[in-house]
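Data first, discussion second: the structure below is written as structure tokens.
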Amino acid sequence: SHLRRVQHVLESRCYSTVMAEEAKKLAAYAAVDSHIQNNQVVGVGSGSTIVYAVDRLAERVRQEKLNIVCVPTSFQARQLILQHGLSLSDLDRHPDLDVAIDGADEVDDSLTLIKGGGGCLTQEKIVAGCAKHFIVIADYRKDSKALGQQWKKGVPVEVVPMAYVPVSRAITRRFGGEAVLRMAVSKAGPVVTDNSNFILDWKFEHAQNWKEVNTAIKMIPGVVETGLFVEMAERVYFGMEDGSVKIR
Ligand code: 5RP
């Protein structure tokens, strides 16, 4: 019976992963189909959900012969754009984007986001800030009433390496919780971002005024950017467990 229980747990895990992958795809396809038109400059986010959006974007560019220029938010996004044969640009040449599409780690009721699970928050926020429309795609597990209810890893904060201890202390002194240096999976050293910085994951204890928190953390010397995206997302597409897409 122990074996059967283990098998059951494994099966339900596989089931929920398959569901989540399918949900990511649903959200990504819905967003690309609703927001991408010919002659647009498109910001391409980072993470696992965005992979489906780039798949769909490339398919539409091929089928409909669309003229689309892509601006990446990370090394991963740049590779995705190139692998799909899409046209790659940057903010020097295209500082005004029509739309940016990106994933999120958690989305609350008022469309405040936690981003940066993949460590790309700074470039993601810059690109989103250059876009007329910032569209978010996520599976149902990211859908939350209040930040912290779903995503347990805290708010990522990108810091200049020499400042990670003082920044960590300043954040926790002022806002409580714990701000820990993100380590590589190998544990051999800290995660280094595309901008050669470190990431602190701030595990906060209670809900806060995220707009004020974001501003206050950004004022700490050594902070490059926070993973709090306040008043940026225009619309969020959630792929749901039942195969529908929920738009918020
Ligand atoms: C990377 C991000 C990602 O968009 C976020 O972590 C969501 O990733 P995924 O689509 O894999 O769940 O902010 O810095």
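Brief remarks on what is shown
- Among the candidates 194, 201, the residue that is surrounded by 18 or more Cβ atoms within 10 Å (Cβ to Cβ) and over 23 Å from residue 147 (Cα atoms) is uniquely 194.
- With respect to the stated conditions, residue 139 fails to be charged (D, E, K, R), under 26 Å from residue 54 (Cα atoms) and away from the ligand (no atom under 15 Å from the Cβ).
- Annotation: residue 172 fulfils all but one of (1) touching a strand residue (DSSP E or B) at 6+ places or on another chain (Cβ under 9 Å); (2) within 16 Å of the ligand (Cβ to nearest atom); the unmet one is (2).
- Test: residue in the range 115-133 that is closer than 19 Å to residue 228 by Cα, assigned to a strand (DSSP E or B) and within 14 Å of the ligand (Cβ to nearest atom): no
- Pair list, Cβ < 8 Å and 6+ apart or interchain, from the range 118-137 residues that are more than 24 Å from residue 37 (Cβ to Cβ) to residues that are among the charged types (D, E, K, R) and near the ligand (Cβ under 8 Å from one of its atoms): 121/115; 125/115
Quick grid of which residues meet (1) at pLDDT 95 or above; (2) in contact with a helix residue (DSSP H, G or I) (Cβ under 6 Å, 6 or more places away or on another chain); (3) within 16 Å of the ligand (Cβ to nearest atom):
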site	(1), (2), (3)
199	yes, no, yes
208	no, no, no
211	yes, no, no
220	yes, yes, no
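- Complete set of residues in the range 149-165 that are more than 16 Å from the ligand (Cβ to nearest atom) and surrounded by 14 or more Cβ atoms within 10 Å (Cβ to Cβ): 160, 163, 164
- Of all residue pairs spaced 6 or more apart or on separate chains, those with beta-carbon atoms under 6 Å, a first member in the range 38-50 that is under 12 Å from residue 120 (Cα atoms) and within 11 Å of the ligand (Cβ to nearest atom) and a second member that is in a loop (DSSP other than H, G, I, E, B) and not acidic (Asp, Glu) are 45/73; 45/103; 46/73; 46/74; 46/118; 46/120; 47/103; 47/118.
- Enumeration of residues in the range 76-87 that are crowded, with 17+ Cβ neighbours inside 10 Å and touching a residue at least 12 places away in the same chain (Cβ under 8 Å): 76, 77, 80, 81, 84, 86
- For beta carbons closer than 7 Å, sequence separation of 6+ or different chains, a first residue in the range 166-193 that is over 22 Å from residue 205 (Cβ atoms) and a second that is surrounded by 11 or more Cβ atoms within 10 Å (Cβ to Cβ) and small (Gly, Ala, Ser), the qualifying pairs are 191/119; 193/119.
- Flag for residue 188 being at pLDDT below 95 and more than 16 Å from the ligand (Cβ to nearest atom): yes
The values are calculated or read from the model by the stated rules, or taken from the named source; none is laboratory data. A quick note: this is a predicted structure, and the numbers were derived from the prediction, not measured. Here Cβ is always computed from backbone atoms with ideal geometry, including for glycine, and neighbour counts include all displayed protein chains.
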